[in-house]
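The block underneath contains the structure these notes are about, expressed in structure tokens.
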Amino acid sequence: MLEVRDLTKRFRGATVVDRVSFSVRPGEITGYLGPNGSGKSTTVKILTGLLQASSGQVFFHGQDVSADSIGFRKRLGYVPEEPNLYGCLTGLEYLQLAGGLRGLASDLVNRKANELLDLFYLHDARWAPISNYSKGMKQRVLIAASLLHDPDLLIFDEAQSGLDIANSLLFRYVLRELAARGKSVLYISHVLELVEKVCEHIIVIYKGQIVADDSVSRLRNLMQLPSLEEIFTQLVQQDDMESRARAIASVMTR
């Protein structure tokens with residue numbers, strides 16, 4: 001289980017993550033939601049070791065990850081929001097590099113990489129340079145790389161971005177299968193419809209603080225709202241979007 005305790009991050013005196021605490025349990029897909037600038041990406045960067053927290057702790061299976069950050073990363077699979085890849089490498093070469101950095105044997109990496117590329121509909125493009133890939137193809141390479149070493153914890157930050165309908169559906173089934181195999185999955189997305197379909201549990205962050213941490217069904221009952229979209233809108237105090245949309249359209253005719 002991943003446990004985040006009183007995590008805080010300040011930039012030049014401004015607090016962007018404020019004493020955030022939550023858990024991601026094995027066998028469960030946990031959605032992490034919030035509007036832009038709420039602190040989601042900062043939290044994820046701290047969890048993945050890309051940023052250092054100002055205070056607070058992160059535990060995985062009861063162990064403080066700072067005590068063995070390299071060991072923790074070996075158990076982590078991560079897909080960032082932006083697919084920043086080495087364009088000069090082919091899809092297969094990128095997975096070979098990722099597997100080598102994880103310390104996997106080359107024959108194992110080659111076998112798993114080819115199988116994953118085939119299963120993610122990238123077999124025919126495995127020798128093409130990544131610079132020629134579409135955004136969706138790059139996303140699938142990143143997803144494959146995150147699974148290559150059989151991690152215990154997976155963090156997907158807008159991983160479905162750029163995926164077409166078929167691959168988005170495949171990714172949804174992959175999430176469910178990972179949870180069924182006992183993996184801890186933290187899923188960050190703005191696509192609330194998808195979050196509602198795949199996540200048993202959601203955490204909502206707003207202005208750096210957690211404003212909801214519960215199952216979707218319980219939040220529906222507590223707030224007496226029928227959908228995650230309406231729950232999210234009320235929790236983060238969004239404007240009346242219909243009125244704002246009418247105002248935008250009215251500007252066009254003035």
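Before moving on, here are some points about what is shown:
- When the stretch 106-143 is filtered for residues that are closer than 21 Å to Leu175 by Cα, in contact (Cβ under 8 Å) with a residue 40 or more places away in the chain and outside any helix (DSSP H, G or I), the ones remaining, listed by number, are Phe120, Tyr121.
- Yes/no for Phe11 being more than 16 Å from Ile210 (Cα to Cα) and in contact with a helix residue (DSSP H, G or I) (Cβ under 6 Å, 6 or more places away or on another chain): no
- Residue in the stretch 173-182 that is surrounded by fewer than 20 Cβ atoms within 10 Å (Cβ to Cβ) and more than 26 Å from Val24 (Cα to Cα) present: no
- Qualifying residues in the stretch 144-172 (those that are among the polar types (S, T, N, Q) and in a loop (DSSP other than H, G, I, E, B)) - the one surrounded by the most Cβ atoms within 10 Å (Cβ to Cβ): Gln160
- Flag not set for Ala159, criterion: at pLDDT 90 or above and either of a type in the set (Gly, Ala, Ser) or within 22 Å of Leu108 (Cα to Cα) (or both).
- Entirely in the stretch 1-105, the strands (runs of 3 or more DSSP E) that have 3 or more residues that are touching a residue at least 60 places away in the same chain (Cβ under 8 Å) and surrounded by fewer than 18 Cβ atoms within 10 Å (Cβ to Cβ): 14-24
- Filter pass, Gln234 being in a helix (DSSP H, G or I) and either modelled with pLDDT under 75 or under 30 Å from Val174 (Cα atoms) (or both): yes
- Applying the set (1) over 30 Å from Arg140 (Cα atoms); (2) modelled with pLDDT of 85 or more; (3) of a type in the set (Asp, Glu) to Asp239 leaves exactly one unmet item: (2).
- Check on Pro129, touching a strand residue (DSSP E or B) at 6+ places or on another chain (Cβ under 8 Å), at pLDDT 95 or above and outside the structural domain of Phe171 (by TED's automatic domain parsing): yes
- As a summary of the residue check, Arg5 satisfies the conditions (1) of a type outside the set (Asp, Glu); (2) under 30 Å from Arg111 (Cβ atoms); (3) at pLDDT 95 or above except for the one numbered (2).
- Test for Leu92: is it more than 15 Å from Leu2 (Cα to Cα) and not β-branched (Val, Ile, Thr): yes
The values are calculated or read from the model by the stated rules, or taken from the named source; none is laboratory data. Just so it is clear, the structure is predicted and the values come from calculations on it, not from any experiment. Here the Cβ is made from the backbone with ideal geometry for all residues, glycine too, and neighbour counts use every protein chain on show.
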